[in-house]
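Just so you know, all these numbers are worked out from the coordinates, no wet-lab data involved. Source: prediction; values computed, not measured. No Cβ is skipped: glycine too gets one built from the backbone with ideal geometry, and neighbour counts run over all protein chains shown.
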Amino acid sequence: MRCPHCGETLALWVCKRCGAETLEGSLYCCHCGQPIVKEEECEQGSAERIPCSDGNCIGTINDLGICNVCGKPFVHEKA
């Protein structure tokens, strides 16, 4: 796929749920809304995962410090 403005080739991912192409770096599939999970996020052990601080979300915090499902930044709890 090419950018309609500059002509640059855009990297795409294929949604594992519906098979549609979605721009690389998207948090959700543009067609079905399925959260996009990178392979390296799947390999992370359960002891290493940090749950989303939202309280209602089932996602985990990725290397960028944001939730891989809802996209909210991680908020450290105050002791």
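Simple spin-label estimate for residue 76 and residue 64 gives 2.2 nm between the two label positions (7 Å along the Cα-to-Cβ direction from each Cα). Quote the FRET efficiency, to the nearest 0.05, computed for residue 48 versus residue 8 with a Förster distance R0 of 25 Å and r equal to the Cβ-Cβ distance. Rounded to the nearest 0.05, the efficiency is 0.10.
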